[in-house]
Amino acid sequence: LRLLPHPGGAGELALERELAALTAPARAAFVLRGLEGLADGDVRRELAAAGVADPHAALTEADGVRAGHAL
């Protein structure tokens with residue numbers, strides 16, 4: 001019986017730490033690009049529609065997540 005899912009290793013832990021350090025809009029930008037495959041313009045539109053004050057800043061912050069952490 002497993003009560004917790006099997007961890008994904010050091011890479012997954014590093015990604016979780018980096019994402020936890022981001023603001024909520026930057027995390028959303030990272031996921032919209034990585035999981036949804038949206039282009040930056042589409043990400044900005046989605047973030048603006050969600051009420052994010054500065055979608056460009058959110059994308060810039062999301063760019064700080066290391067490239068090795070692709071979703």
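The values are calculated or read from the model by the stated rules, or taken from the named source; none is laboratory data. Quantities reported herein were computed from a predicted structural model and do not represent experimental measurements. Neighbour counts run over all protein chains shown; Cβ positions are idealised from the backbone, glycine included.
In the set (1) at pLDDT 95 or above; (2) of a type outside the set (A, V, I, L, M); (3) outside any loop (DSSP other than H, G, I, E, B), the condition left unmet by Gly51 is number (3). Taking segment 1-24 as the search range and keeping residues that are assigned to a helix (DSSP H, G or I) and among the hydrophobic types (A, V, I, L, M, F, W, C), which one is modelled with the highest pLDDT? Filtering first and then ranking leaves Ala24. Residue pairs whose Cβ atoms lie under 8 Å apart, separated by 6 or more positions or on different chains, with the first residue in segment 1-22 and loosely packed, with under 11 Cβ neighbours inside 10 Å and the second modelled with pLDDT of 65 or more, are Pro7/Leu13. Of everything listed in (1) exposed (fewer than 10 other Cβ atoms within 10 Å of the Cβ); (2) in a helix (DSSP H, G or I); (3) modelled with pLDDT of 90 or more, the single unmet condition for Gly37 is (2). Search segment 40-49 for residues being aliphatic (A, V, I, L, M) and surrounded by 13 or more Cβ atoms within 10 Å (Cβ to Cβ), and hand back the single one that is nearest to Pro25 (Cα to Cα). Filtering first and then ranking leaves Leu47.
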